[in-house]
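The values are calculated or read from the model by the stated rules, or taken from the named source; none is laboratory data. Nothing here was measured: the structure is a model prediction, and the numbers come from that model. Virtual Cβ from ideal backbone geometry, glycine too; neighbours counted across all protein chains shown.
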Amino acid sequence: MPAALGRLAVARRRSILAGTPTFLAVAALFCGNVAAHLGGVGAADPGAESARAATILSDRFPASRPDLALLVEPVHAAGVDDPLVAAQGRRLAAALAAEAGIACVSSYWDTGSATLRARDGRQALIVARISAPDEKGADAAFKRSNHGTPAAAAT
């Protein structure tokens, strides 16, 4: 079958090349607004086992899949365990938690979890769940809560 299709394409190459712009114009006319109907998050069958498992995990463990991660890195030579950096990290996490649309916030300084701290102690994470995850909501929450301070900066 592929060999026959290849022979046909070679034999009718001029017809195919001449018809391609027409095909593309018709396809654009009928399918041009498909992107507007598709969500940016992706599609999942709500009845699928994986979708049900994700719902259960989200309900029982709200911080299990963060939508927003802030990387905190001290501006000066101090590491993330420095008292000044730790205080700024806690303030940043509290400010993020106070934002509308934020469901749950976890930080290295509140949990002490080594998974939220770089091995060398130079960076740490603040992670958050957004109530209605979308890129615009994450951007807005980050911009409102990111207060660049002398002790640490979040990126």
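Being under 20 Å from S58 (Cβ atoms) and among the β-branched types (V, I, T) is the filter here; which residues of region 72-122 pass it? I102, V105, T111, T115 - these are the residues of region 72-122 that are under 20 Å from S58 (Cβ atoms) and among the β-branched types (V, I, T).
Candidates are the residues of region 57-100 that are at pLDDT 80 or above, touching a Pro at 6+ places or on another chain (Cβ under 7 Å) and outside any helix (DSSP H, G or I); the one that is nearest to A128 (Cα to Cα) is V80.
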